[in-house]
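K.L.:
A single structure is presented below for examination.
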Amino acid sequence: MAQPFNHNDLKAHLLDKMNESEKVFVRKDGGIHDRSTTAGASELSGCIRAVLFSKNGTKKDSGYRDSRGYALRGDTLENHFVVPLLRSVADALGAELRFAGDEQRTLVSGRLSATPDAILILPDGRVINIEIKTFDPRANIPLSGKSNHRIQNQIQMGLLREEGFDVDQTWLIYLNCSNFEDIRIVEVDFDPEAFVYMKVRAEQAFTAAPHEVPAEGAMTDECKYCAYTEACGQAVRNSMPSQKNPDLPVSQVATLEELVSKLREHDVIQTESKRLVTEVKEALKIFLRENDVKNYRGDDYEVSYSTVAGRESLDRKALEAAGIELSPYLKRSDDSDRLTVKFS
């Protein structure tokens, strides 16, 4: 006998319906933009290797599941709350709000694309690029805005300028999705050199081989959420070098020594910085203990100090002593690359 429809079935159906909907990107000529043909502003602010895999139709990791939850949150609040408010503000100021909500347009230049949230044309003639972001109240939003958002802004402003809009600044609006009155606006000035560099990155995403570009996700923890970790690891394994201590041309030796020198310099800075960070953290702990402060929220920071429960783990020696053979249950991960540099 079939089981009756229950709340878990309802949740599954809700998620399926939620992820059925896809945002449509419309070009200025009214046609639908095929995002597989360009690298978008939000993509290029992430790992270039992941963008490359995406644009070349690489198979996603087995078991990987796309999720649009955060994007849907942003789109919903933007279209049904922030944009109507912006229209009212623009009307009251005698300004003009364009390319917002249903009027959004995807701008394309070569392999680069972006979809600005809106532009605000002020009564004095200034044109401001508007970018709307929602954030979790637990997230840390730097006073200068998140770096990946600022990169998106550079691309948006550059493409708007190519379209004839004299945009020199973005107003990056952060809306707390838990408290709508918590609005933070960051000014981002246009940097033409950054825009040119992003055009180069967009071309790279369609022309470079995976092993020719850095695994930037490893620098920012993006690998935890990437759909292409299997393909990325395989690309590195396929390109591992084989020669030991070869005779390199003088120019290549110079490049190698420059990189090693930079690594040595940054290694010293990192070691000292880590020591200083640990020193300050210890001072903070002492302050909090002495003043009996478990949690404190300031204007732009929050400090909390608490006990963390110990992690449970299997005692391998005890299991083996009990005669339990573990080898049939051991799993070996894929090989990975390792760089070792020794300084004398």
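Read the figures in this text as sums done on the coordinates, not as results from a lab. Because the structure is a prediction, the values reported are computed rather than measured. Note that we place each Cβ from the backbone using ideal geometry, even for glycine, and neighbour counts take in every protein chain shown.
K.L.:
Would you work out if the chain is rounded, prolate or oblate? Take a ≥ b ≥ c from the square roots of the eigenvalues of the alpha-carbon gyration tensor; rounded if a/c is under 1.5, else prolate when a/b is larger than b/c, oblate otherwise.
P.N.:
rounded
K.L.:
Modelling each spin label as a point 7 Å along the Cα-to-Cβ direction, I'd like the ARG126/ASP189 distance in nm, to one decimal.
P.N.:
Going from the ARG126 label point to the ASP189 one covers 1.3 nm.
K.L.:
Can you give me the relative contact order of the chain as a percent, contacts being Cα pairs under 8 Å and 6 or more apart?
P.N.:
On the way: 364 pairs, mean separation 56.5, N = 344.
The normalised contact order for the chain reaches 16 percent.
K.L.:
If you average the C-alpha positions of segment 222-270 and of segment 3-40 separately, how far apart do those two centres end up, in angstrom?
P.N.:
Here the answer is 38 Å between Cα centres.
K.L.:
Could you check which residue among ASN176, ASN245, ASN56 shows the biggest mean-square fluctuation in a GNM of the chain with a 10 Å Cα cutoff?
P.N.:
ASN245
K.L.:
State the Cα centre-to-centre distance between segment 139-207 and segment 280-331 in whole Å.
P.N.:
For segment 139-207 versus segment 280-331, the Cα centre distance is 37 Å.
K.L.:
Name the residue, out of PHE81, PHE287, PHE206, whose mean-square fluctuation peaks in a Gaussian network model built on the chain with Cα pairs under 10 Å.
P.N.:
Evaluated over the chain, the most mobile residue of the options is PHE287.
K.L.:
Sticking with this structure for a sec: Fewest Cβ neighbours within 10 Å first, please rank THR340, THR76, THR170, THR134 accordingly.
P.N.:
Lowest to highest Cβ neighbour count: THR340, THR76, THR134, THR170.
K.L.:
Sticking with this structure for a sec: Of the candidates THR207, THR255, THR307, which one comes out as most mobile in a Gaussian network treatment of the chain with C-alpha springs shorter than 10 Å?
P.N.:
Top of the fluctuation ranking is THR307.
K.L.:
Do the alpha carbons of any pairs in LYS59/LYS224; LYS60/LYS224; LYS224/LYS285; LYS262/LYS342; LYS55/LYS199; LYS60/LYS331 sit beyond 20 Å of each other, and which pairs? Please report the intermediate quantities before stating the final value.
P.N.:
Values: LYS59/LYS224 17 Å; LYS60/LYS224 14 Å; LYS224/LYS285 30 Å; LYS262/LYS342 13 Å; LYS55/LYS199 15 Å; LYS60/LYS331 22 Å.
Check vs 20 Å cut-off fails for LYS224/LYS285; LYS60/LYS331.
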